[in-house]
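Before any comments, here is the structure.
The values are calculated or read from the model by the stated rules, or taken from the named source; none is laboratory data. This structure is a prediction, so every number in the text was calculated from the model and none was measured. Cβ placement follows ideal geometry from the backbone for every residue including glycine, while neighbour counts extend to all protein chains displayed.
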Amino acid sequence: MNSVMRITLVFCVSILGITCLSAQQKDAAPDQGAQATTKIDGVWQGRVGKERYTFEFKSNEGALTGSVTAAGGKPIAISEGEVDGEDFAFETVEDGKKWSWSGYLDSGRIEGEREADDDDSFETFYAEIKK
């Protein structure tokens, strides 16, 4: 192998190695300035049973915060909120009654149920993202 071919080969291998290394570093180190959000973040409007509700959600690294508001009512803070992919769960306390909510996100719609912790009552809910 002559010296020109050897230099060309070393140059090509070097460029290929730098390109591969750069791609690996880009995949391994996400932009620290960007904050990951999930599809559940935002304001949702729908129904719990027959009553209109507004849900406001914000997720951060698996934690879910926000509020639930019945039509004409005051926002009720959610607690113990979790989101895992398309599934979510949280708790609220309304008029002294604790409710456990669980649901999932499917095609721009959330669906689920809430169950009272002190009895067997439950209601289904659904909502769509407010545009």
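Of the residues D87, D41, which is of a type in the set (D, E, K, R), within 18 Å of Y104 (Cβ to Cβ), in contact with a Lys or Arg (Cβ under 6 Å, 6 or more places away or on another chain) and at pLDDT 50 or above?
D41
Pairs needed: first member in the range 86-107, more than 13 Å from L64 (Cβ to Cβ); second member anywhere, among the polar types (S, T, N, Q) and modelled with pLDDT of 95 or more; C-beta distance under 7 Å; at least 6 residues apart or different chains.
Listed pairs, sorted by first residue: W99/T92.
Of the residues in the range 63-73, how many are more than 16 Å from F125 (Cα to Cα) and at pLDDT 95 or above?
4
Among the residues of the range 92-101, write down those that are surrounded by 15 or more Cβ atoms within 10 Å (Cβ to Cβ) and not β-branched (V, I, T).
W99, S100, W101, listed by residue number.
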